[in-house]
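The values are calculated or read from the model by the stated rules, or taken from the named source; none is laboratory data. The structure displayed is predicted, hence computed values, not measured ones. Please note: Cβ atoms are built from the backbone with ideal geometry, for glycine as well, and neighbour counts cover all protein chains shown. We work out accessible area using only protein heavy atoms, side chains counted, and drop any ligands, DNA or RNA first. Shrake-Rupley method; radii C 1.70, N 1.55, O 1.52, S 1.80 Å.
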Amino acid sequence: MTDTPSSLLSEELNKAILQSVEDGFSEQIDFTSDMIRFPSLRGKERPAQEWLADDLKKRGYPVDSFVVDVEKIHDHPGFSPVNIDYSDALNVVATHTPRETKGKSLILNGHMDVVPEGPLDMWEVSPPYEPKVVGDWLYGRGGGDMKAGIAANIFALEALKRIGYQPAAKVHIQSVVEEECTGNGALACLVEGYTADAAIIPEPEDEQLVRANCGVLWFEVMVSGHPVHVREAGTGANAIEASFRVIESLKQMTEEWNAEKVNYRYFEELEHPINFNVGQIEGGDWASSVPAWCKMQCRIAIYPGDAPKDRAKQIEEHLAKDLAGDSFLGNRPPQITWNGFFARGYVLEENTEAEKALAVAHRRATNKELTSFVTPGYLDARVFVIYADMPCLVYGPVTESIHGFDERVSLSSIKRVTGAIALFIASWCGLEKIEAGDAK
């Protein structure tokens, strides 16, 4: 078996692969649940990554675990500025190497980091790191975004192994960090030399293929006030109240950027592609003192093709101009620090061989045609598409409430996606029979 389109795989082999996914599915969900139990928040991913590395070694893969080195990636055009310690920012890459390369190579990528869970008393079905199955749903923080995807990558390969096959091409299994805040984890893998003919990222995309997605900027806005006793509030300047005027100014700018969507392919019909968010705010020192400071953590999207530095400059210039007439901010403008995502958006060009192969695999696994859509969120696929010139297929299971309370992922959808990935591997990489002496 060599690198033939899955449409040319025998019906018998297609059925055997999908049945093998079914046979291993209970183990796959147990594996996914074990991952969910790790609270792999930013800076706390190492225990989960080390557990995964050990598991992959037991499965027979050579594993490269390495900490993201800012010095190595700092000058790369895809780098996002960072102000935290990376000593526990551990990436894991396992590699399958065939006896004889006959097909096309592949990266199976996923991210281990999850977003904060919020107030625990607002999780109603189960605590965030206590996975629970209810009907067709697996609940837990990070289950959908995207630990079910990491498991799907691994168990797609396990399904092939179970029926005596392995890919006839090199396959890298990547579990990265920093996807939710900088994208530097996936970038570090690229800088370390991990490339392939295509990549798959099973993000929670409702069994659709992402055609294009926005870039993202993260920035901190520091507003300074003039503190006085509250009895003399009118003589001071309230930094927290002044921050409201900064927010309104940025909202106005966001609408101006949304009006530009007609100039960007695939975004013309999207209702509101550019979204601005104040994700954190803190300020002041004392209830009876007019606050001297207010700090906001902000996020905004940009279109594919936009240079982050150009849009960042627009933000700075917009605030300077728009607030120039403000009685206080005009003399003490807010200070901006770029402290996270500084990432371009990307477009996945249509009709690549990789997309065609996924379309056939998806049809075989789901009995439906593959559809594509545009998303205004960030995806690590930009690293592969823009900086490695490889097609990256972002395609994953049906989910609900990612980044929210009671995040959940559909079990039946995980199974279908795992089947599609396994069929894709079989066609894209080709297959060879496992023989005695193979590493796996």
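A few notes on this one:
- Near pairs, Cβ below 6 angstrom, 6+ apart or cross-chain, from the stretch 27-54 (modelled with pLDDT of 95 or more) to any residue that is open to solvent by 30 Å² or more (accessible area, probe 1.4 Å) and part of a helix (DSSP H, G or I): F38/P47
- Those residues of the stretch 101-124 which are among the hydrophobic types (A, V, I, L, M, F, W, C), closer than 30 Å to L393 by Cα and not in a strand (DSSP E or B), in sequence order: M112, V115
- Reported count of residues in the stretch 109-120, each being touching a residue at least 12 places away in the same chain (Cβ under 8 Å) and surrounded by fewer than 24 Cβ atoms within 10 Å (Cβ to Cβ), is 4.
- Contact annotation: residue pairs with Cβ atoms under 8 Å, 6 or more positions apart or on different chains, pairing a residue in the stretch 3-23 that is acidic (D, E) and open to solvent by less than 60 Å² (accessible area, probe 1.4 Å) with a partner that is in a loop (DSSP other than H, G, I, E, B) and modelled with pLDDT of 95 or more, are D3/K102; D3/G103; D3/K104; D3/A168; D3/A169; D3/C429; D3/G430.
- The set of residues in the stretch 362-389 being without any contact (Cβ under 8 Å) to a residue 24 or more places away in the chain and out of contact with any helix residue (DSSP H, G or I) (no Cβ under 9 Å at 6 or more places or on another chain) consists of N367, D389.
- Strands (runs of 3 or more DSSP E) wholly inside the stretch 327-440 that include at least 2 residues being in contact with a strand residue (DSSP E or B) (Cβ under 7 Å, 6 or more places away or on another chain) and open to solvent by less than 20 Å² (accessible area, probe 1.4 Å): 335-343, 392-394, 408-410, 431-433
- Residues considered: F267, F219. Of these, the only one that is surrounded by 19 or more Cβ atoms within 10 Å (Cβ to Cβ), at pLDDT 95 or above, part of a strand (DSSP E or B) and among the aromatic types (F, W, Y) is F219.
- One residue alone among T352, T399 is more than 30 Å from L319 (Cβ to Cβ) and over 21 Å from the mean Cα position of the chain (by Cα), and that residue is T352.
- Flag if P308 is farther than 13 Å from R245 by Cα, surrounded by 16 or more Cβ atoms within 10 Å (Cβ to Cβ) and in contact with a helix residue (DSSP H, G or I) (Cβ under 9 Å, 6 or more places away or on another chain): no
- Residues that are buried (at least 19 other Cβ atoms within 10 Å of the Cβ) and either in contact with a Lys or Arg (Cβ under 6 Å, 6 or more places away or on another chain) or in a loop (DSSP other than H, G, I, E, B) (or both) do not occur anywhere in the stretch 239-259.
- Any hit, the stretch 71-89, residues being farther than 30 Å from E130 by Cβ and of a type in the set (F, W, Y): yes
- Single residue of the stretch 270-314 satisfying the filter (polar (S, T, N, Q) and either in a strand (DSSP E or B) or on the phi > 0 side of the Ramachandran plot (or both)) that is farthest from the chain's Cα centre (by Cα): S289
- Considering residues of the stretch 176-211 that are over 14 Å from V383 (Cβ atoms) and of a type in the set (D, E) only, the residue surrounded by the fewest Cβ atoms within 10 Å (Cβ to Cβ): D206
Here is a yes/no grid of residues against (1) more than 18 Å from D55 (Cβ to Cβ); (2) out of contact with any Lys or Arg (no Cβ under 8 Å at 6 or more places or on another chain); (3) exposed (fewer than 14 other Cβ atoms within 10 Å of the Cβ):
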site	(1), (2), (3)
L90	no, no, no
I107	yes, yes, no
M122	yes, yes, yes
L138	yes, no, no
M146	no, yes, no
N153	no, yes, no
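- Enumerated helices (runs of 4 or more DSSP H) restricted to the stretch 1-90, each holding at least 2 residues that are touching a Cys at 6+ places or on another chain (Cβ under 8 Å) and of a type in the set (F, W, Y): none
- Hey, L160 touching a Ser or Thr at 6+ places or on another chain (Cβ under 9 Å), of a type in the set (A, V, I, L, M) and part of a strand (DSSP E or B) or not: no
- One residue from V92, V133, V125 being β-branched (V, I, T), over 19 Å from I421 (Cα atoms) and touching an Asp or Glu at 6+ places or on another chain (Cβ under 7 Å): V125
- Taking the stretch 307-327 as the range and being farther than 15 Å from S80 by Cβ and touching a Gly at 6+ places or on another chain (Cβ under 8 Å) as the test, the residues that pass are L323, A324.
- So R162, is it open to solvent by less than 20 Å² (accessible area, probe 1.4 Å), of a type in the set (K, R) and at negative phi: no
- Conditions (1) of a type outside the set (G, A, S); (2) over 15 Å from the mean Cα position of the chain (by Cα); (3) open to solvent by 50 Å² or more (accessible area, probe 1.4 Å); (4) at pLDDT 95 or above: number failed by H226: (4)
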